[in-house]
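The values are calculated or read from the model by the stated rules, or taken from the named source; none is laboratory data. Predicted, not measured: the structure shown is a model, and the values here were computed from it. Positions of Cβ are generated from backbone atoms using ideal geometry, with glycine treated the same way; all protein chains shown enter the neighbour counts. Calculation scope for accessible area: heavy atoms of the full protein, side chains included, ligands and nucleic acids excluded. Shrake-Rupley method; radii C 1.70, N 1.55, O 1.52, S 1.80 Å.
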Amino acid sequence: MNNSTNGSNAASRPLRHEGYRRALQVMHDCLRKDGFLATPTEQDNYRRIWGRDSSIIGVASLLTDDQELIDGCRRSLETLARYQGPHGEIPSNVDPVTERISYGGTAGRVDANLWFIIACGSYWRKTEDDAFLDRILQPLERTRHLLGAWEFNTRGLLYVPPTGDWADEYLQSGYVLYDQLLYLQAQRECCRLHQHVHASADHDLCDRVTRLMHLIRANYWFTDEGTPDDVYHEVLYTKGQQAAPERGGKYWMPFFSPFGYGFRFDGMANALVSLLDVADQEQADCVDEYIGDRIVQEDVMLLPAFDPVITPKDEKWDDLQITFSHTFKNSPYEYHNGGLWPLVTAFYAASLAQRGKPQLARRYADGIHAANRSETDGGHWSFPEFLHGKQHVAGGTHPMGWSAAAAVIAEAALDGKNVFAID
């Protein structure tokens, strides 16, 4: 990690050095012989190898030169492949010691499969480990086939059930933007692997990537220029524009379903859409302006999972209250309901750095370090899952491996490294 960025220089240097060092240590603490745990502590079922968490920690490990962490990425992926389900499902989480496997709660976890493919492609590009690739190709193909089935109508977009991705206790489902973006990157990785293995392009898969890019651009960004050519459902799109005209041209819509569009700001999706080079410069600048004016608090440079917060006065409150696995977590300004997330912020900081805005990216990276330094149980550097959106105190499980990964991702991007390779 170097410090060529001139954002908030001298004052934040000790914080960023300490934050990066401790982040690497947390990632090491999460590492076991079977791969990365979500957390090294005993908390619910977090002390397992996760399709989502372990893959994200793995992607962060590939941005370091720490061979032990890089090997941890491979071991995570091999463990997930070993416990792949009968139809190609990548586990939501697995405990290799007891061999207890979960493919999801009341619904499967679509993004566990997507992050698995992305991490496999990222690992191979980093290491050129063809022996790993030989072992992983069949599990990858099975997962890719399953994802194609989850399009249901074969029209290019994944259909995500309620609780079917990382926002597993929040109210969004259908054609969720976050999952389409991961699907795009997963198919990019498959294109690269096919090119390497067969020394030729899979033209059908390349066409699917191009088609998905057009579908995302057409259906999740409202414009005043009429109906896009690649609109998925013209009536739904037109009603969405009419229902929330003040949101058009400001940020990307989070999802649509047969019942209409969702309109809340999705921090993860709006970070990834620029990082994965889907948004054009004008769209990215509009999102930056919206985040700066409406979303981020100057004293805490972190993005929320979703905004605005759902309160007991909101018509969605009753539905939110019954959407949980064990205990209700989504009180106002907590968890997905307005909680501030280092992980979400990491992908946004990486996007800013990639788009030539290093000073602003540095402020968000320092916000991640400050959040990771939060005090819990009488000690600092707790690496919490999120901060309360108003009180700014640590919330959720700690220490979280992907909060540590967030610091590594942000710093790597500021050092000029690409989090995801994009052709």
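Select from the stretch 356-394 the residues that are in contact with a Phe, Trp or Tyr (Cβ under 6 Å, 6 or more places away or on another chain), open to solvent by 10 Å² or more (accessible area, probe 1.4 Å) and not in a loop (DSSP other than H, G, I, E, B) and list them in ascending order.
F386
Which ones in the stretch 316-333 are of a type outside the set (V, I, T) and either over 23 Å from F263 (Cβ atoms) or open to solvent by 60 Å² or more (accessible area, probe 1.4 Å) (or both)?
K316, D318, D319, Q321, F324, S325, H326, F328, Y333
Somewhere in the stretch 324-337, is a residue in a loop (DSSP other than H, G, I, E, B), charged (D, E, K, R) and touching a residue at least 40 places away in the same chain (Cβ under 8 Å)?
Yes, because at least one residue in the stretch 324-337 is in a loop (DSSP other than H, G, I, E, B), charged (D, E, K, R) and touching a residue at least 40 places away in the same chain (Cβ under 8 Å).
Can you find, within the stretch 89-112, the residue that is nearest to Q138 (Cα to Cα) among those that are without any contact (Cβ under 8 Å) to a residue 24 or more places away in the chain and of a type in the set (S, T, Y)?
The residue in question is Y103.
Can you tell me which of (1) open to solvent by less than 10 Å² (accessible area, probe 1.4 Å); (2) more than 20 Å from the chain's Cα centre (by Cα) is the one L137 doesn't meet?
(1)
Would you tally the residues in the stretch 227-254 being open to solvent by 40 Å² or more (accessible area, probe 1.4 Å), part of a loop (DSSP other than H, G, I, E, B) and farther than 22 Å from I291 by Cβ?
4
Looking at the structure I just gave you, is V94 part of a helix (DSSP H, G or I) and crowded, with 18+ Cβ neighbours inside 10 Å?
no
Please work out if E78 is open to solvent by 30 Å² or more (accessible area, probe 1.4 Å), out of contact with any His (no Cβ under 9 Å at 6 or more places or on another chain) and within 22 Å of V419 (Cα to Cα).
yes
Out of (1) of a type in the set (D, E); (2) outside any loop (DSSP other than H, G, I, E, B); (3) open to solvent by 10 Å² or more (accessible area, probe 1.4 Å), what's the single condition that is false for D65?
(2)
May I ask you to say which residue of A271, A279 is touching a residue at least 12 places away in the same chain (Cβ under 8 Å), small (G, A, S) and in a loop (DSSP other than H, G, I, E, B)?
Just a single option satisfies the conditions, and that option is A279.
Within the stretch 145-161, track down each residue that is within 19 Å of the chain's Cα centre (by Cα) and either under 20 Å from R82 (Cβ atoms) or assigned to a helix (DSSP H, G or I) (or both).
Answer for the stretch 145-161, where residues must be within 19 Å of the chain's Cα centre (by Cα) and either under 20 Å from R82 (Cβ atoms) or assigned to a helix (DSSP H, G or I) (or both): just L147.
Determine, yes or no, whether T210 is open to solvent by less than 60 Å² (accessible area, probe 1.4 Å) and outside any strand (DSSP E or B).
no
Can you name every residue in the stretch 232-254 that is at pLDDT 90 or above, farther than 20 Å from L171 by Cα and under 25 Å from the mean Cα position of the chain (by Cα)?
Y232, G249, K250
Name, by its number, the condition in (1) at pLDDT below 95; (2) farther than 21 Å from G396 by Cβ; (3) open to solvent by less than 40 Å² (accessible area, probe 1.4 Å) that does not hold for Y46.
All conditions pass for Y46, except number (2).
I'm trying to understand the selection: among the residues of the stretch 334-355, which are open to solvent by less than 20 Å² (accessible area, probe 1.4 Å) and among the polar types (S, T, N, Q)?
Hits for the stretch 334-355 are N337, T345, S351.
Tell me the residue from F386, F347 that is under 24 Å from S102 (Cβ atoms) and among the hydrophobic types (A, V, I, L, M, F, W, C), please.
Going through F386, F347 in turn, just one is under 24 Å from S102 (Cβ atoms) and among the hydrophobic types (A, V, I, L, M, F, W, C): F386.
If I go through the stretch 170-189 residue by residue, how many of them are over 15 Å from R52 (Cα atoms) and of a type in the set (A, V, I, L, M)?
Adding up the residues that qualify gives 4.
When S257 is evaluated against the numbered criteria (1) crowded, with 18+ Cβ neighbours inside 10 Å; (2) at pLDDT 95 or above; (3) in contact with a strand residue (DSSP E or B) (Cβ under 9 Å, 6 or more places away or on another chain); (4) farther than 30 Å from I136 by Cβ, which criterion, by number, is the only one it fails?
Single failed check for S257: (1).
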